[in-house]
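The values are calculated or read from the model by the stated rules, or taken from the named source; none is laboratory data. Here the structure is a predicted model, which means the values were calculated and not measured. So basically every Cβ, Gly included, is an ideal-geometry build from the backbone, and we count neighbours across all protein chains shown.
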Amino acid sequence: MFCCLKNCVNGFSLTPTVPIRVKSNPVQLDTLHMGHEVVIVKGGQRVCGSGCALGNAPLVQNKAYFEVKLQQGGVWAIGLATREADLNRVHGGVDKESWCINSDGTVRHDNVELYHLKPPSRESPTSELLVSTGSPNHVNQTENEKTEIDRGNEKQLMPVEGDVIGLAYDHVELNFFLNGKNMEIPVRNIRGTVYPALYVDDGAILDIILDNFRYPPPSGYERIMVEQSLL
């Protein structure tokens with residue numbers, strides 16, 4: 001735990017920096033809505049410890065986008081959740097109030113597995129996103145007959161440490177992007193007022209990226225905007 005917090009607070013570089021005045025983004029992780037053992041640092045951009053932290057602004061605009069970097073591996077989950085979610089849990093999507101991709105390769109909601117991703121092979125880099133497995137379970141199915149979960153299971157690789165996961169939400173579906181590529185695992189029927197949700201445990205460190213994105217957002221999507229009433 002101490003090692004995790006040391007990395008969480010200090011980062012991974014001691015390079016000195018020159019202070020520069022910049023206009024800070026009001027959107028960040030919310031210290032008022034996080035688990036009891038969660039630690040938020042780096043100006044509300046980094047989370048470690050154990051549990052879930054929500055963003056301080058809901059996704060109310062038509063098309064919102066944000067990213068999360070897997071700064072350090074461990075147990076983690078990334079997605080959306082309402083403020084009714086259990087923030088002391090370390091897995092996302094295990095209740096009715098969260099929709100998340102997890103470090104065990106599952107995409108879940110209400111503890112139902114929507115997709116299960118492949119672990120990256122030693123022979124293939126994580127950049128090889130769309131890879132067919134040729135699973136025997138699907139050998140007699142045509143492409144049109146395959147279900148959405150079949151396609152998700154056979155094509156996708158799990159994110160690993162150092163990867164950037166993008167999340168695009170338009171109130172119809174939530175799409176995940178791995179290093180800029182659509183993972184083709186849409187999550188639908190999301191209800192309620194939802195916020196970015198980052199879950200960590202077992203040494204995981206996640207950095208939320210709310211502007212100056214590592215990869216271009218999908219067409220029409222923008223960073224999370226704050227309602228005037230929240231300012």
Applying the selection to the range 206-229, what residues are farther than 19 Å from M183 by Cα and basic (K, R)?
R223
Just to be sure I understand, how many residues within the range 186-204 are surrounded by 23 or more Cβ atoms within 10 Å (Cβ to Cβ) and over 12 Å from the mean Cα position of the chain (by Cα)?
2
At pLDDT 95 or above, under 19 Å from V194 (Cβ atoms), within 14 Å of the chain's Cα centre (by Cα) and part of a loop (DSSP other than H, G, I, E, B): is that true of G93 in this structure?
yes
For the range 19-76: of the residues being part of a loop (DSSP other than H, G, I, E, B) and β-branched (V, I, T), which is surrounded by the most Cβ atoms within 10 Å (Cβ to Cβ)?
V27
